[in-house]
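Inspection log for the structure reproduced underneath, given as structure tokens.
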Amino acid sequence: MPENVRAATAADLSVLIQSAVYSASLNQIGDALPFLARGPAGPLLCLLNADSEPLGLPLAMRPVHWRGRAAWLGQGPTDHASAVRIRELLPFCSPVRLGTRTGAGLGDRLGLATPGHVRAVRRVPGIMPVFAQQSIREMERTERTPEQVLDDAMWGVMQEGWRSGYGADADHLKTTQDIDQCVSAGYVMYTFDPRDHVDNGAEGADIAGLRKRYAALPWARLATSPEQNMARYAGESWELGGGHLLVMSELDVLRAAAKYGVALAHLRDLYEHLRAAIGGRPWEVEVSVDETDTPTRPVEHWYIARELSRLGVEWVSLAPRYVGRFEKGVDYIGDLTAFERDWGWHVAISRALGPYKLSLHSGSDKFRIYPITARLGGELVHLKTAGTSYLEALRTLASVDPSLFREILSFSISAYEEERRSYHVSGELSRVPDPESLSDEQLIPLFDDLHARQVLHVAFGRVLCARDGFGRAVFRDRMVALLRAHEEAYYRALEDHLARHLTPYARPGRNDT
């Protein structure tokens, strides 16, 4: 549909239904026009058709006059049943595989951010977006289901008329039960997290301790023997290009196997379960070993990738733990020269054994390293963000309702010491001012402060799920209502902030819609 026709049709439909129509959401299926309109509690799904047929959507149709003719109009909520049918009617609303294209995961903890994410991606050519991305842990903390996360992203895709494909990442899956939930919901990308099976104690173990750990590994599940495994690696060297010569000693093999051996067996189990569960649907896998106590050495990356390949596991991206600190909500903390050297090794390995992408988890706001990762990694980069979109929601609230933001900040301060235990953060409560001591104008600068950002960031689950003595939401409903009322301000904030993340990875010449 040409843009001028779309705009004129949306204007006329807005008059017909007495509500603003999102013009980019207009689609034509034969004589029918499915579209979204702005409702008091969120988008409404609407359908204008020449007859009373609702196209299989759960909508009650009523007769109307449309441009001098008889027609039928249906309106209803953007619920799960409607989302399932819309994905059938409009293929661009279904998630797809990313493959090795440069990717960006744009997580959304409130279910409102996708239109802003779409606008950010439109500004930066060559990025393949993942608009549905949330870990099982985050779903539990926000009381959302895999279906809700995917549906919310899909409605945002339809609202903005994004037709260039998007991914859906079931992030940080640890169990087969996690996989089954996300397969049922319709995810395409599955990120496996074996952190509970990594032996971090191997890092500091002496040679005798490593040999004991090595002998005790589940060799049958690893489809090899201790002797065969040692023969594959110890004393071998590999020229990776770019001046990277990888050499593995017996000690390297013992430590890598002891540290990651059980995790590798677990990853294979998850992979085989997913392959059986998903049937003939498209799917792809990311492997995440970033949430360990110590950085992933190049020899360990080499060992992990070679062993996964030997075990029949295929993946499109892998997330090692890099040197330096990837703390939540703030820029990279560490020596850039050391990071560039470390990143260069990981890039060389991913190209030699793949190619596959290197994934940057906790990638929000790491502006110091984006140019390095883009320059050395080329297209083989996948950036993951999530918490920064929640912070942009709070920034918007601080502008439109300072009193509510003060309440949220005070509550976050009270929850910080408990919530920080499961995150890599260094923010100090003593460095965050009393919210009541700040003027309205002093609230916005808090979003440039490491300590305030991390206090706000890690308390998101407590804030969104807080309830009073009657079971009513303390903050969430007010937050959602205000962000919907000021949605354009929120979208602009997201667009500007996320475009800063993505710009270093731009690939000019690629046209996205």
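The values are calculated or read from the model by the stated rules, or taken from the named source; none is laboratory data. Bear in mind the structure is a predicted one, so any value in this text is a computation, not a measurement. Methodologically, a virtual Cβ is constructed for each residue, glycine included, from the backbone with ideal geometry; neighbour enumeration extends over all protein chains shown.
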Check: When residues of region 270-290 are filtered for being assigned to a loop (DSSP other than H, G, I, E, B) and over 21 Å from Thr100 (Cα atoms), how many remain?
Finding: 1
Notebook entry, point to check: Tyr303 passes all but one of (1) touching a His at 6+ places or on another chain (Cβ under 7 Å); (2) assigned to a helix (DSSP H, G or I); (3) hydroxyl-bearing (Ser, Thr, Tyr); which number fails?
Noted result: (1)
Check: Counting only residues that are touching a residue at least 24 places away in the same chain (Cβ under 8 Å) and in a helix (DSSP H, G or I), how many does region 448-475 have?
Finding: 15
Check: Tell me, which helices (runs of 4 or more DSSP H) wholly within region 147-236 include 2 or more residues that are hydrophobic (A, V, I, L, M, F, W, C), surrounded by 15 or more Cβ atoms within 10 Å (Cβ to Cβ) and in contact with a Pro (Cβ under 7 Å, 6 or more places away or on another chain)?
Finding: 176-185
Next item on the list: Find the helices (runs of 4 or more DSSP H) located wholly in region 365-447 whose residues include 3 or more that are in contact (Cβ under 8 Å) with a residue 24 or more places away in the chain and closer than 28 Å to Val149 by Cα, and list them.
Entry: 387-400, 402-419
Notebook entry, point to check: Picking from Ala352, Ala338, Ala277, which residue would you name as being over 30 Å from Gly204 (Cα atoms), surrounded by fewer than 21 Cβ atoms within 10 Å (Cβ to Cβ) and aliphatic (A, V, I, L, M)?
Noted result: Ala277
Note to self: So, Ser52, is that one under 17 Å from Gln159 (Cα atoms) and either at pLDDT 95 or above or of a type in the set (D, E, K, R) (or both) or not?
What the structure shows: no
Next item on the list: From the list Leu429, Leu498, Leu502, pick out the single residue that is within 26 Å of Ser362 (Cα to Cα) and either in contact with a Ser or Thr (Cβ under 6 Å, 6 or more places away or on another chain) or surrounded by fewer than 16 Cβ atoms within 10 Å (Cβ to Cβ) (or both).
Entry: Leu429
Checklist line | Checklist (1) assigned to a loop (DSSP other than H, G, I, E, B); (2) closer than 19 Å to Gly116 by Cα; (3) under 12 Å from the mean Cα position of the chain (by Cα) applied to Ser362, failing item | finding: (2)
Next item on the list: For Ala37, indicate whether it is loosely packed, with under 13 Cβ neighbours inside 10 Å and at pLDDT 95 or above.
Entry: no
